[in-house]
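First the structure, in the form of structure tokens, and then the observations on it.
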Amino acid sequence: MKTREKEKILECYQQYKDMIYKLAWAYCKDKYQAEDAFQEVFFRYMKYHPRFKSAEHEKAWFIRITINVCKNLLKSKWNSDMMQLQEWDADEAFPREANDAFDALKEAVLDLPEKYRIPIHLYYYEEYSVREIAQILRKSESTIQTQLQRGREKIKKRLEGSESDAIRA
């Protein structure tokens with residue numbers, strides 16, 4: 001491998017490592033599967049040396065590959081036979097000050113079904129537009145808008161339920 005290729009790989013690693021790991025974690029909901037997906041994404045990048053039109057195209061490629069790798073991990077025979085032995089700790093992937101409101105919001109987002117969780121993650125955490133998310137996920141813009149709206153509604157209902165539970169306690 002040439003020195004320039006190594007530098008480019010390290011540059012991409014530094015630029016996208018957090019985004020890829022957080023997205024894999026949000027998708028898989030498992031630390032070890034997120035780590036496997038993370039490694040596989042960079043393995044594919046090193047193996048194929050893709051060329052990109054722009055920085056946005058490069059970022060979209062990493063997101064698309066991360067999602068595809070996570071999907072493949074989750075539908076693998078190994079995953080279907082494996083029992084969850086550890087409890088999921090999202091604080092490792094999303095470190096932040098202890099804050100009950102933030103923790104409730106984070107838990108509500110991560111408990112969403114995949115079809116709502118991924119668009120919400122891309123929209124709020126990665127700051128993609130609806131149009132960009134639609135292109136990345138290969139869905140229509142109206143589908144993404146609907147998924148974002150329904151995801152927000154589910155989060156709101158869950159948070160309102162948490163508040164009423166806290167008031168009763």
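For the residues Lys8, Lys47, a 1.4 Å probe over the protein chains yields an accessible-area ranking, largest first, of Lys47, Lys8.
With all protein chains in place and ligands, DNA and RNA left out, the 1.4 Å accessible area ranks Thr143, Thr3 as Thr3, Thr143, largest first.
Both radii are taken from the alpha-carbon atoms of the range 1-57; with Rh as the Kirkwood radius, Rg/Rh is 1.01.
Taken one residue at a time, the phi angles of the range 127-141 give Karplus couplings (6.51, -1.76, 1.60, θ = phi - 60°) of 6, 8, 7, 4, 4, 5, 5, 4, 5, 5, 8, 6, 9, 6, 4 Hz. Gly and Pro are set to x.
The values are calculated or read from the model by the stated rules, or taken from the named source; none is laboratory data. Since we're looking at a predicted model, the values are computed, not measured. We work out accessible area using only protein heavy atoms, side chains counted, and drop any ligands, DNA or RNA first. Shrake-Rupley method; radii C 1.70, N 1.55, O 1.52, S 1.80 Å.
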